[in-house]
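Worksheet: one structure, shown below.
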């Protein structure tokens, strides 16, 4: 169980700063080259569906790899696993600049997803190691708010780099960013757990994940995170083709539309961090889910029945990401509060299910590409509908927990 913050516990600002630097490269490795995606069909003489796989398969690999990083970090500690991950990211970001075909780029991007997966697992595990539930919500809200800057800046920077220097320049810049992240993490990242020599025993790993699968509180809140992230990656994967190819947005202007979406998430996270001490966290979670559902329904209705514009699509996603801020501030800590041992494995399961769900949504957008925005609409609607029963289950579980603590 996390302890209250003491003189030996790193400050929230330091922990958030380190985790932001460690995570920003993996986040930007997708968003930064998104404006280049339509042009890559000509660069590699391929189809939009193949280009989309450089994101969707990367995301799927990113999600699946996290199931392994949790037990590894329980066994060897958070710090060495994270440093090894960032080192591999440096090599693979540079490798992206050297490919000669779309097939090679897909392979390197899959390997990059496998390497970069540690950040999502270890960030959650470190926060769970160090802080109480209330502090976790504050740290997650602050972390989400600061990390939101990366996907806002990345496509703007990536669009300008693409127009002026070509698509590969994005990955040269990412290589440099990863090197800086490695240096900062090496110098300042504290070890937050005591390595457990039995953590990698196959029977223990399997039984640990099996317990999580039947932990209703854990799985409900993990699924909520996965659906929310899936909605984001429906846009990340399909948005460049809809906005740039279908609606005529310039590659170096695309990033401003994504920035609107990210700014909405930033503002929502800021509000969530301010309200956490004054309102019930279940109310914050429910409100976030309802806002996401409303934004999704509006987006689907507009895509299917009216004329779409770039700003209409961006505005609908901004509504959803504003709601996601409250959800992402509460749901992870709600999932992890039901876990008392093997925190690394629990964090891996949480992040793995979340990212794998997002990856599957992105793969669906890739496979159903038809040159229109309709695949985005149908996948968005399916994800939005799934939010409703999960929110109802979350409320029931919270009431049950409160009744139990009252006795």
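Summary table below
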read-out: Of all residues in the range 246-274 being surrounded by fewer than 17 Cβ atoms within 10 Å (Cβ to Cβ) and at pLDDT below 85, the one that is nearest to residue 51 (Cα to Cα); value: 270
read-out: Test: residue in the range 2-10 that is within 24 Å of residue 156 (Cα to Cα) and either surrounded by fewer than 22 Cβ atoms within 10 Å (Cβ to Cβ) or modelled with pLDDT under 80 (or both); value: no
read-out: Filtered residues of the range 72-104 (kept if surrounded by 24 or more Cβ atoms within 10 Å (Cβ to Cβ) and under 21 Å from residue 34 (Cα atoms)); value: 89, 93
read-out: Helices (runs of 4 or more DSSP H) lying entirely in the range 80-155 (those with 2 or more residues that are modelled with pLDDT of 85 or more); value: 102-116
read-out: Residue 41 vs. criteria on the phi < 0 side of the Ramachandran plot, in contact with a helix residue (DSSP H, G or I) (Cβ under 7 Å, 6 or more places away or on another chain) and surrounded by fewer than 20 Cβ atoms within 10 Å (Cβ to Cβ); value: yes
read-out: Any hit, the range 127-139, residues being buried (at least 22 other Cβ atoms within 10 Å of the Cβ), under 27 Å from residue 94 (Cβ atoms) and out of contact with any strand residue (DSSP E or B) (no Cβ under 8 Å at 6 or more places or on another chain); value: no
read-out: Candidate set from the range 277-302 (those that are outside any helix (DSSP H, G or I) and farther than 19 Å from residue 221 by Cβ); member that is nearest to the chain's Cα centre (by Cα); value: 277
read-out: Members of the range 289-331 found to be under 20 Å from residue 224 (Cβ atoms), touching a residue at least 60 places away in the same chain (Cβ under 8 Å) and out of contact with any helix residue (DSSP H, G or I) (no Cβ under 6 Å at 6 or more places or on another chain), listed by number; value: 290, 297
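The values are calculated or read from the model by the stated rules, or taken from the named source; none is laboratory data. Predicted model, so just to flag it, every value in this text is computed and none were measured. Using ideal geometry, Cβ is built from the backbone for each residue, glycine included, and neighbour counts are taken over all protein chains shown.
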